[in-house]
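Undergrad: This is the structure, below, for whatever I ask next.
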Amino acid sequence: MKENLHPKYQKCIVNCACGNQFEVQSLTAKASVGICSKCHPFFTGKQKLVDTEGRVDAFRRRYAAKK
């Protein structure tokens, strides 16, 4: 096998928009996400739709016309 073929993984600090911070293994040292398990509706029990850029509305309009 070739040596030095695989990338080196390091500790990565991930920051969420809600303020949550956690550590994972990644190729980069820092990362940011818009939603995590602390604020995601599936994990919090709040059943609301997370509408990003009107995608839910566009989906509803597209399939409402087909009925």
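Values quoted throughout were computed directly from the atomic coordinates according to the rules given, and no laboratory measurement underlies them. The shown structure was predicted, so the numbers you read here are calculated from the model rather than taken from an experiment. Cβ sites come from the backbone with ideal geometry, for glycine too, and all protein chains shown count toward neighbours.
Undergrad: Under 14 Å from the Cβ of Gln21, count the other residues' Cβ atoms, weight Lys and Arg +1, Asp and Glu -1, and hand me the total.
TA: Net charge in that neighbourhood comes out at +2.
Undergrad: Long-range amide H contacts for Val33: which residues qualify at under 5 Å (H placed 1.01 Å from N, peptide plane, sequence gap of 5 or more or a different chain)?
TA: Long-range HN contacts for Val33: Asn15, Cys16, Ala17.
Undergrad: Taking just the alpha-carbon atoms of the chain, what radius of gyration and Dmax come out, in angstrom?
TA: Cα radius of gyration and Dmax of the chain are 18.7, 59 Å respectively.
Undergrad: Using Cβ-Cβ distances only, list the Cys residues of the chain with no partner cysteine under 4.7 Å, sorted by number.
TA: If one checks each Cβ against the other cysteines of the chain, Cys12 turn up with nothing under 4.7 Å.
Undergrad: Another one. Determine, for the chain, the count of lysine pairs separated by eight or more sequence positions (or lying on different chains) whose alpha-carbon distance falls under 22 Å. Could the numbers behind the result be given before it?
TA: On the way: Lys8/Lys30; Lys11/Lys30; Lys11/Lys38; Lys30/Lys38; Lys38/Lys46; Lys38/Lys48.
Value for the chain: 6.
Undergrad: Going highest first, how would you order 2-10, 21-29 by mean Cβ packing within 10 Å?
TA: Details: 2-10: 7.1, 21-29: 10.6.
Averaged packing, sorted descending, gives the order 21-29, 2-10.
Undergrad: Given only helices, namely DSSP H runs of n ≥ 4 each adding -39500 (n - 2.57), what is the per-residue ellipticity at 222 nm of the chain, to the nearest 500 deg cm²/dmol?
TA: Working: 2 runs with 14 residues, N = 67.
Calculated mean residue ellipticity at 222 nm is -5000 deg cm²/dmol.
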